[in-house]
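Novice: Pasting a structure here, questions to come.
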Amino acid sequence: MIGYIMSGSIGLWLTAILLMSTLPVVGQSVEGKKIYRKFQCESCHGKVGNGLVDLTNGFQNYNEQKLKQYIMNPGVFGNTRMPAFENLIKEEEFNELIRYLMGLAKKPRSKG
Amino acid sequence: MQHIRTALGFLVLILVTGACKLVYHTGNIDYHPNREYQSIAEGKRMAVLICGPCHFNSSSKDFSGNRMYDVPRFIGKVYASNITQEMESGIGKYTHAELAYLIRTGVSRTGKFMPFMQRPNLSDTDLENIIAFLKSDDVLVKPNQRIPGKTDYTAVGKMVLGTSKPLPYAEKGNEKPNNKLALGRYLIDNLACFHCHSKSPLSLNVIHPEKTKGYMGGGFRMRDAASNIVRTPNLTFHSTGLSDWTLEEFKRAITQGINKENKIVRYPMPVFPELTDEEIVAMYLYLKSVPPIKNEVK
């Protein structure tokens with residue numbers, strides 16, 4: 001009986017997890033994630049921005065416009081390791097990508 | 001019967017693992033750098049090219065180490081060490097001689113052997129310059145207490161690493177070549193291009209790189225930071241490799257990280273903006289001279 005209940009609840013949990021993984025996270029751009037993958041950002045930054053070069057700490061002092069300029073030409077900002085995407089990503093793709101990147105930052109934990 | 005076979009398998013694995021030596025005596029070496037030739041600026045450039053791809057940390061913007069995502073999982077979880085001047089977590093305690101020994105043989109001052117570190121063919125001038133830089137007060141090597149992580153080899157990883165042995169320390173290194181082809185070969189060797197772009201980095205010939213199996217023919221299976229499989233491209237001038245690449249396309253790929261098809265060159269391939277035009281031409285010409293290998297890498 002316990003086994004039956006457990007298997008039922010595991011089934012429910014699995015369904016819930018599956019559903020959650022296919023739904024867009026609030027504040028993140030699904031299209032942006034596709035662009036993140038298409039341009040191989042995950043190659044260095046990991047699947048969700050927590051790879052070799054961490055993006056989950058947010059972009060202090062960077063608004064959307066400045067972040068876009070950074071991605072277009074990182075060398076101007078002193079980053080000579082990252083490729084310049086100015087001639088690779090289309091304007092509309094940029095907007096979605098920036099939305100996605102802004103959503104990668106870890107959410108501050110609520111107190112209490 | 002099956003249990004006996006499994007138990008025997010484990011026993012063999014334990015015995016082989018136990019026999020694999022990963023710690024060596026460093027011994028006392030005689031190291032007298034020629035101070036006249038020391039250039040910290042050139043040492044920094046060479047260190048960024050040679051040490052940077054593994055040891056540069058983009059968050060702290062220094063040489064405080066990194067997780068090596070590209071190392072195959074069966075080898076284990078590997079971290080490139082902190083090589084800043086920090087006394088405990090870095091290499092602050094190293095003498096000049098110990099650094100020379102480490103770079104030439106891959107053996108640390110505590111006797112730990114790291115096969116991919118060894119650069120037996122590095123010229124004396126480059127070695128002296130790199131050590132002068134590592135001992136300098138440059139911001140890249142300023143003491144940083146950060147510990148990148150603890151390397152944890154699997155039993156298979158220990159076994160695989162145990163198959164390579166450190167070479168004896170050579171008191172005298174080679175001269176840095178002036179000839180274009182020789183300079184290209186020198187850079188492909190010391191920038192460790194052949195480590196990844198040959199058949200397997202587990203069977204390298206570090207003294208005579210061109211004797212490595214599948215030399216520069218690519219195809220080795222690595223991983224990027226998202227755990228996606230990355231197969232290293234064929235860099236020989238075969239139609240399945242670089243045969244239709246111009247010098248400009250080659251230069252763009254290795255200095256800016258964008259390839260012929262306008263796609264980014266994926267990690268673990270580093271970009272080398274510090275290479276001079278002369279060095280890039282030398283590498284290109286040398287690769288053109290390497291026997292072409294047919295190996296379609298997808």
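The values are calculated or read from the model by the stated rules, or taken from the named source; none is laboratory data. The structure presented is a predicted model; accordingly, all values stated were derived computationally and were not measured. As a convention, Cβ positions derive from the backbone with ideal geometry for all residues, glycine included, and neighbour counts pool all protein chains shown. Accessible surface is based on the protein model in full, side chains and every heavy atom, while ligands, DNA and RNA are left aside. Shrake-Rupley method; radii C 1.70, N 1.55, O 1.52, S 1.80 Å.
Novice: For region B:20-90, which chymotrypsin sites (Phe, Trp or Tyr not before Pro) are both in a DSSP coil and crowded by at most 16 other Cβ atoms within 10 Å?
Specialist: Qualifying residues, ordered by number: B:Tyr24, B:Phe74.
Novice: Restricting attention to region B:224-298, which GluC sites (Glu not before Pro) occupy a DSSP loop and are surrounded by at most 16 other Cβ atoms within 10 Å?
Specialist: Values: sites: B:Glu248, B:Glu249, B:Glu261, B:Glu274, B:Glu278, B:Glu279, B:Glu296; in loops: B:Glu261, B:Glu274, B:Glu296.
For GluC sites (Glu not before Pro) across region B:224-298 that sit outside H, G, I, E and B with at most 16 neighbouring Cβ atoms in 10 Å, the list reads B:Glu261, B:Glu274, B:Glu296.
Novice: Still on this structure: Classify region B:192-298: rounded, prolate or oblate, from the alpha-carbon gyration tensor (a ≥ b ≥ c, eigenvalue square roots; a/c under 1.5 rounded; otherwise prolate if a/b is larger than b/c)?
Specialist: rounded
Novice: Rounded to the nearest 0.05, what FRET efficiency do B:Tyr37 and B:Glu171 give with R0 = 25 Å and r taken as the Cβ-Cβ distance? Could you check?
Specialist: 0.95
Novice: Return the long-range amide H neighbours of B:Gly76 (sequence gap of 5 or more, or a different chain), with a cut-off of under 5 Å between placed amide H atoms.
Specialist: It is B:Thr154, by chain and number.
Novice: While we're here: Return a whole-number percent for the relative contact order of region B:209-298, with Cα pairs under 8 Å and 6 or more residues apart as the contact set.
Specialist: 34
Novice: Leaving out ligands, DNA and RNA, and with a 1.4 Å probe, what % of the accessible surface on region B:32-99 is carbon or sulfur? Walk me through the numbers on the way to the answer.
Specialist: On the way: 1720 of 3150 Å².
Reported share for carbon and sulfur atoms: 54 percent.
Novice: Using the beta-carbon distance between B:Asp244 and B:Asp277 and R0 = 25 Å, what value does 1/(1 + (r/R0)^6) give for FRET efficiency, to the nearest 0.05?
Specialist: For B:Asp244 and B:Asp277, the calculated efficiency is 0.70.
Novice: Does region B:213-264 come out rounded, prolate or oblate by the C-alpha gyration tensor, with a ≥ b ≥ c the root eigenvalues, rounded set by a/c under 1.5 and, if not, prolate when a/b is larger than b/c and oblate if not?
Specialist: Oblate, because a/c is 1.5 or more while a/b does not exceed b/c.
Novice: Another question, then. Between chains B and A, what is the buried accessible area summed over both chains (1.4 Å probe, protein heavy atoms, nearest 100 Å²)?
Specialist: Answer for the B-A pair: about 1600 Å² buried.
Novice: Would you mind pulling out the separation of the Cα centroids of region B:138-165 and region B:117-132, in Å?
Specialist: Taking the Cα centre of each part, region B:138-165 and region B:117-132 sit 20 Å apart.
Novice: With all protein chains present and a 1.4 Å probe, how do B:Ser89, B:Ser289 order by accessible area, largest first?
Specialist: B:Ser289, B:Ser89
Novice: Further question: So what's the back-of-envelope 222 nm ellipticity for the protein assembly as shown, counting only DSSP H runs of four-plus at -39500 (n - 2.57) apiece and dividing by all residues, rounded to 500?
Specialist: -11500 deg cm²/dmol, from helical runs alone.
Novice: Any idea of B:His238's accessible area? Nearest 10 Å², probe 1.4 Å.
Specialist: The value for B:His238 is about 40 Å².
Novice: Related question: Determine, from the Cβ-Cβ distance of A:Asn63 and A:Glu91 and an R0 of 22 Å, the FRET efficiency 1/(1 + (r/R0)^6), rounded to the nearest 0.05.
Specialist: Using R0 = 22 Å, I get an efficiency of 0.80.
Novice: Also, quick follow-up: Starting from region A:70-105, pick out the GluC sites (Glu not before Pro) whose DSSP state is loop and whose Cβ has at most 13 other Cβ atoms within 10 Å.
Specialist: Filter output for region A:70-105: A:Glu86.
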